[in-house]
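Nothing in this text is a laboratory measurement; each read-out follows from the coordinates by a stated rule. Computed from a predicted structure; not experimentally measured. Because the Cβ atoms are built from the backbone with ideal geometry, glycine has one as well, and the counts that use them run over all protein chains shown.
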Amino acid sequence: MCGIVGYIGKDNVVPVLIEGLKKLEYRGYDSAGIAFIQDGDLMLRRSVGKLRELESQIAGQALHGNIGIGHTRWATHGRPSEDNAHPHRAGDIVVVHNGIIENYLHLKRELVDEGCVFASETDTEVICHLINRYVKKGQDLEMAVRSAIGELKGAYAIGVINKAEPDKVIGARDGSPLIVGLGAGEFFIASDVPA
Ligand code: GLU
């Protein structure tokens, strides 16, 4: 099932993502992870097991940012492991995903032939490489996500950020839930209302 959450706004994104994931943990507890932009750098923290494993991993680290995405996983493709934990990354692109990409093997073969190197066994990772492919062709993040989802068959809700566009979180869905929350100068995406 999986839970995804995303935030852009004035508050520190790290506790916002962790709080959001706590409300979504019923959706999956094989692994948890967050990605955010801290002082221009893309930061990823992922951990196998329940969210508290991720919380202990980041405890005491000075992490901050104003944009990020998070995920709690219920594995469908690839065993529960740190390499298979979301967020997944290709270049400057980071993705969290809820759902199943039915044509991922076909897409993976195509991307490997183009020279992409895969770091996980998930279906999700094809989404990052596809988006990265279109960003490298000159499309902005929104356009690249539109191009990539045009090639997907299956069900998805995704949250995407790009290190090179630190003022945007893109969400897209087809067949999996994703809601948008509007605050005062802040925006949220999440798989479910409590988050
Ligand atoms: N198919 C993705 C994975 O296995 C997402 C899983 C899900 O939404 O349950 O990592």
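Here are the numbers:
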read-out: Sum of -39500 (n - 2.57) over DSSP H runs of 4+, divided by residues of the chain (222 nm, nearest 500); value: -7500 deg cm²/dmol
read-out: Farthest toward positive dipole pole in region 10-64 [+1 Lys/Arg, -1 Asp/Glu at C-beta], among Gly33, Gly49, Val13; value: Gly49
read-out: Principal semi-axes in Å for the chain [√(5λ), Cα gyration tensor, largest first]; value: 23, 19, 16
read-out: Exposed GluC sites (Glu not before Pro) absent: longest stretch of the chain, with sites in DSSP loops and at most 15 other Cβ within 10 Å deemed exposed; value: 1-81
read-out: Listed pairs Lys108/Lys153; Lys10/Lys163; Lys137/Lys163; Lys23/Lys108; Lys136/Lys168 exceeding 21 Å between Cα atoms; value: Lys23/Lys108
read-out: Cα-centre dipole for region 95-192 with unit charges at Cβ (Lys and Arg positive, Asp and Glu negative), debye to 20; value: 180 debye
read-out: Environment charge at Lys163 (Cβ cut-off 15 Å; Lys +1, Arg +1, Asp -1, Glu -1); value: -3
read-out: Residue-by-residue Karplus 3J(HN,Hα) for region 143-151, coefficients 6.51, -1.76, 1.60, Hz, glycine and proline x; value: 5, 5, 5, 4, 5, 5, 5, x, 9
read-out: Sequence of Val169, Val193, Val95 once ranked by neighbouring C-beta atoms within 10 Å, starting from the fewest; value: Val193, Val169, Val95
read-out: Computed lengthening from Phe118 to Ala62, 0.36 nm per intervening residue step minus Cα-Cα distance; value: 17.2 nm
